[in-house]
1. For the peptides 188-197, 44-53, what is the packing order when you average, over each peptide's residues, the other Cβ atoms within 10 Å and list the highest mean first?
2. Sequence gap at least 6, Cα distance under 8 Å: using those rules, report the relative contact order of segment 184-251 to the nearest whole percent.
3. Cross-link list K37/K224; K250/K282; K209/K282; K37/K187: which exceed 26 angstrom alpha carbon to alpha carbon?
4. State the extension gain, in nm to one decimal, for the chain segment bounded by V273 and H45, taking 0.36 nm per residue of separation less the distance between their alpha-carbons.
5. Do any GluC sites (Glu not before Pro) in segment 69-135 lie in a loop, going by DSSP, with at most 14 other beta-carbon atoms within 10 Å of their beta carbon, and if so which?
6. Using alpha carbons only, how many angstrom separate the centre of segment 200-221 from the centre of segment 73-104?
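Laboratory data are not the source of any read-out in this text; all were calculated from the coordinates shown. Everything numeric in this text was worked out from a predicted model, so none of it was measured. Cβ placement follows ideal geometry from the backbone for every residue including glycine, while neighbour counts extend to all protein chains displayed.
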Amino acid sequence: MSKANQPRKKSSVRHTRAIQQNRSKHPVAAPTEQQVKERIQEIVHPATLEQVNHFHRLGLRERTLGLVVMVAFVLEMIWRQIGGVSELARIVQKEAILWEQPRKVSQQALSQRLTSLPAALFLQVLKAVMPVMRERWFERERPLPRELAWAAERYRGVFAADGSTLDALIRKMGLLRDLPENPLAGKITALLDLCTRLPEQLWYESDPKAHDQRFWPDILAVLKAGSLLIFDKGYLNFSIFIQLRQAQVKFITRSKSNLVYTLEHAIIRTAAVHDYRVWIGKDETRQLVRLIEILPLAHPRQIAKLGRSSQKWYDLHQAWLESTPSGIID
């Protein structure tokens with residue numbers, strides 16, 4: 001077999017490498033629009049000033065690059081997707097950044113300040129901003145999507161839990177220089193209010209290999225009875241399902257393709273929808289749940305019977321099996 005016809009091996013490069021490369025080539029966005037600047041300053045600037053006393057209690061001195069200044073710089077980096085500290089240093093010398101005027105700052109000074117400021121300070125600013133954002137949401141008259149409006153009328157809260165591994169860190173300073181490869185920045189998990197689209201809670205784990213299951217105790221501690229929780233397959237845990245039921249929390253999640261279950265009875269069975277009551281788990285985790293499958297109207301095997309049986313149609317069939325949505329509902 002020639003090299004041209006050999007199947008390509010699956011890449012072993014982590015997704016963060018692609019993100020890092022894209023970030024380095026991403027052109028810096030235009031300066032933030034005035035209306036956006038005014039809104040950010042109105043909401044974030046007062047919350048930042050409230051943390052200045054806490055900043056001093058930590059023994060940090062008020063320098064040129066104090067907390068108020070650095071919060072403005074970090075927000076600008078995120079909003080405009082600035083890929084590095086060098087580019088940020090160039091911008092702050094020429095442009096006004098939110099509530100800060102242009103100033104002469106070196107790349108080295110910015111790097112040292114970013115590494116010395118405790119991340120907890122930025123978290124405190126975020127926690128101070130969230131109640132303001134939530135109040136503003138309740139003042140809006142924008143209607144919710146039909147599905148969310150239906151759920152909001154029937155549940156105390158509609159939440160989604162999800163986690164993500166943070167991007168790889170660049171080994172250019174401090175203790176990271178001696179590491180053999182770029183380390184990942186850790187794992188973050190959020191409990192998101194789907195109606196307000198704001199985080200209800202955030203959790204950080206420095207171990208980038210931490211499994212999503214590790215965050216379940218924290219999630220269970222903040223959920224209230226009568227809530228609806230949506231989560232992905234990474235959080236599947238039959239014993240957690242029982243704890244959610246005991247806490248009077250309803251949930252929706254996706255099922256794995258190898259889910260083993262015993263049919264209790266069919267609620268609906270059509271060409272497009274299968275709605276079952278099934279038994280899952282063993283012994284103390286055995287429980288009755290609702291399993292729903294959404295099926296496509298056409299199946300590649302039906303087309304294959306017409307004489308199109310080939311590797312291409314086999315690949316389509318495998319893709320169909322993987323993409324067929326199915327979910328577990330309590």
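1. On the way: 188-197: 17.6, 44-53: 16.0.
Result, highest mean first: 188-197, 44-53.
2. 27
3. On the way: K37/K224 36 Å; K250/K282 21 Å; K209/K282 28 Å; K37/K187 30 Å.
The answer is K37/K224; K209/K282; K37/K187.
4. Numbers: separation 228, 0.36 × 228 = 82.08 nm, distance 5.07 nm.
Once the chain is fully extended between V273 and H45, it gains 77.0 nm.
5. E95
6. Here the two parts' Cα centres lie 32 Å apart.
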